[in-house]
Amino acid sequence: MTASSQSVEPFDLVIFGGTGDLAVRKLLPALFHRFLDGQIPASSRIVGIAREALDDDGYRAQLREALIGVCAAAQLDVFLQQVHYRPLDARKDEGWDDFAALIGNQPDHIRVFYLSTSPELFVDICNRLGQYKLNEGASRVVLEKPIGRDLASANQINDAVGKVFSESQTFRIDHYLGKETVQNLLVLRFGNALFEPLWNAGHIDHVQITVAETLGVGHRGAYYDRAGALRDMVQNHMLQLLCMVAMEPPSSLAPDAVRDEKLKVLHSLKAIDDSNAAQLTVRGQYRAGVAEGASVPGYPEELGNSKSSTETFVALKAEIANWRWAGVPFYLRTGKRLPSRVSEIVVTFKPVPHSIFNPDAGTLAQNRLVLRLQPDEGVKLWLTIKHPGPGGLRLRHVPLDMSFAEAFGVQQPDAYERLLLDVVRGNPTLFMRRDEVEAAWRWAGPILAAWAGSGEPPRPYTAGSWGPSAAVALIERDGRTWNEDSE
C-alpha cells in the first residue's frame, strides 16, 4: 500500500442532506473511490440523513443508480453494505433517539457529521447533536459554504456551532483547497528555487484568477438568487485561491502556520466600498444565448423572476497592501453561462527591460505561469524561444506543459476524496478557520453594500460570452487583457 492510499482509523460519517445533489453527485462517489483504493475500514459506516421516508435498502437503491458505472457490481455491493439511512428532520423530535442509538453504539469510532444542508439548519442540527452528546470524544462537524450571508450572520452561525463543537472540531470546507493544482501551488512556490525569488512585485506584473462555468443556475435557482456570484464564489473559493498565491512562506505545513499566513493576506486586501466599487468591480447577469451548442434561456427566464437583481457574473480588481505585492493587481473573474468551463490561476511576469532582437524577429511576450484547476489539472509555463530552422531568428511563445494525468499516468482524485479523509484524520490544514471566514466577509461585505446602495442592476451579457463588455474594459484600461489562450 502506497503512502497515498494508507488506510484511516474506523469512522462513522453522517451526511445530513444525504439525498441532496452534493451528497449523491460528489460526497458518496468520493467515499466510494476511497473504498476502492482500500482506505475505508470494513467497520466504518456511512449514514445518510434526510427527511425522505426511506430505509437502508431504499437509500442503497438510489445510490446504486448514481454509482453503478464506476466499477464492478460486486464491489459496489460490498461498499453499499457500509451505507445506512435514517429519516430525520432537524427541527422535529421524531427519529433522533434511534439515530443517537445507532451512532452511539460504537463510541470508539471517529464520528464526522457533514452538514450538506442549507446554512439555516446548521445550528438546529448541531444543537440536536449536542443534546444527544454526539459531540463528545473524537467527533467533528463539517460546515459547507456559504457560512452566512454577511459578517453578522456568519458570526451568529459560528457562535452557535461553537457552543456545541470546539474550533478544533469544526471543519469549514472549501473544496477548491482540495484540488491537486492548489496543492501543487505550494510545492511549486516553496519546493523549487526557481519561483519564490521572483514571487513579488519586482518581477510579477499581475495575477488573474478565473472560475468560469458554462451551466446556468438550473435547480439551484432558489438558493442562487439569495446568494449571487460574489457570495457563492468570490467570498470563499476565489479569495482562498488568492490567499494561496499571495501568502508569505509559512514556517511549516502545520495547520495554523498555513492558515496564519492566509489570514494576513485577507487583512492586507485594500478595501472596495462605495467610494471605488464602480471603478473596481463589474457585476453582470446572463441573458438568452447559446451555450455548448444549444440555445439557452436568460437568468430571469430560468429563474422565473424578471425583476431579479442577482449577479451571475463578477469581475473585480483587488490589491494587497504589503511589501511583497504593492502595486500588483489581482484580477478576479467568475460567472455562469460563459463560453467554457475553466478554473485557472495565471501569474504574468513583467516584460524583459530591453529587447536585443530585431523587430522582424517577432514580439517578446511576457512569461506566464498558468495553473489549471479544471477541467484538465496541470501547469503551463509560457516561454519565448527561437523557432527551429535556418531561416533567420524568429521568436515563438510556447508552453512547457505538464498535465497531471499524463505525467503521472493516474486519474486525479476528486477534491472531496482528499478533504473527507483529512477530516477523519483530524487534519484542518485545508479548511477555513473562523477568523478567515470573518476576514473574508469584512472585505466582501462593503462590496455588496456598495452595489445595493448604487441601485444599479447587473449589466446584461449574452449567454456563451465572457460577460459584460465592462469586464473587458476593467482590465484593458490597465493595458492588460484576460487570458483566454491557455488551451
Query raised in the report: To the nearest 10 degrees, how steep is helix 180-190 against the longest Cα principal axis of the chain, on a 0 to 90 scale?
Result: 60
Report summary line: Counting only protein heavy atoms with a 1.4 Å probe and every protein chain in place, the carbon and sulfur fraction of the accessible surface of the stretch 312-441 in whole percent equals 58
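Pull out a ≥ b ≥ c, the square roots of the eigenvalues of the alpha-carbon gyration tensor of the stretch 128-213, then state rounded if a/c is under 1.5, prolate if not and a/b is larger than b/c, and oblate in the remaining case. Before the final figure, lay out the partial values.
Numbers: a/c = 3.06, a/b = 2.18, b/c = 1.40.
Prolate.
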Requested in this report: Please give the length that would be gained between LEU364 and LYS92 if that part of the chain were fully extended, namely 0.36 nm times their separation in residues minus their C-alpha to C-alpha distance (nm, one decimal).
Outcome: 91.3 nm
Requested in this report: Counting helices only, and only those DSSP H runs with n ≥ 4, report the 222 nm mean residue ellipticity of the chain as the sum of -39,500 (n - 2.57) divided by its residues, in deg cm²/dmol to the nearest 500.
Outcome: -9500 deg cm²/dmol
Query raised in the report: Once fully extended, how much extra length lies between ASN322 and LEU215, figured as 0.36 nm per residue of separation less the alpha-carbon to alpha-carbon distance?
Result: 34.8 nm
Query - Alpha-carbon gyration tensor eigenvalues x 5, square-rooted, for the stretch 63-189, Å - result: 26, 25, 15
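Where does each of HIS84, HIS109, HIS203, HIS33 land when they are ordered by accessible area, with a 1.4 Å probe and the largest first? Can you show the working numbers first?
Working: HIS84 35, HIS109 10, HIS203 80, HIS33 60 Å².
I get HIS203, HIS33, HIS84, HIS109, largest accessible area first.
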Query - Added length on full extension, which subtracts the Cα-Cα distance from 0.36 nm per residue, ILE356 to TYR132 - result: 73.2 nm
Report summary line: For the stretch 83-174, the percent of accessible surface on carbon and sulfur atoms (probe 1.4 angstrom, ligands and nucleic acids excluded) is 48
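Placing +1 at every Lys and Arg Cβ and -1 at every Asp and Glu Cβ, with all other atoms neutral, what dipole size does the chain have around its Cα centre, in debye to the nearest 20? Mind showing how you got there, number by number?
Numbers: 51 positive and 59 negative charges, 216 e Å.
So the magnitude is around 1040 debye.
How large is the accessible surface per residue of the chain, computed with a 1.4 Å probe and reported in Å² as a whole number?
On the way: 21100 Å² over 487 residues.
On a per-residue basis, the chain sits at 43 Å².
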Report summary line: Log entry: pair-distance distribution for the chain, C-alpha pairs binned every 10 Å from zero, whole % per bin is 4, 18, 27, 26, 17, 6, 2, 0, 0
Report task. Among LEU115, LEU383, LEU421, flag the residue with its Cα farthest along the positive direction of the charge dipole of the chain, charges on Cβ as +1 for Lys/Arg and -1 for Asp/Glu. Result -> LEU383
Query raised in the report: Local charge sum around GLN81 (other residues, Cβ-Cβ under 15 Å, Lys/Arg +1, Asp/Glu -1)?
Result: -2
Query raised in the report: Over the heavy atoms of THR310, what accessible area does a 1.4 Å probe trace out, to the nearest 10 Å²?
Result: 20
Report summary line: The local net charge around PRO351, scoring Lys/Arg +1 and Asp/Glu -1 for residues other than PRO351 whose Cβ lies under 13 Å from its Cβ, equals +2
Report task. List the equivalent ellipsoid semi-axes of the stretch 188-316 in whole Å, largest first, each obtained as the square root of 5λ for an eigenvalue λ of the Cα gyration tensor. Result -> 35, 17, 15
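Viscosity 1.567 mPa s, temperature 4 °C: give me the Stokes-Einstein translational D for the stretch 162-264 in µm²/s, with Rh taken as the Kirkwood radius over C-alpha pairs. Write down the numbers at each step before the final one.
Details: Rh = 16.2 Å.
D, rounded to a whole number, is 80 µm²/s.
The values are calculated or read from the model by the stated rules, or taken from the named source; none is laboratory data. Keep in mind that what you see is a predicted model, and the values were worked out from it rather than measured. Every residue, glycine among them, receives a Cβ derived from its backbone with ideal geometry; neighbour counts consider all protein chains shown. To get the accessible areas, we keep the full protein, side chains included, count just its heavy atoms, and leave off ligands, DNA and RNA. Shrake-Rupley method; radii C 1.70, N 1.55, O 1.52, S 1.80 Å.
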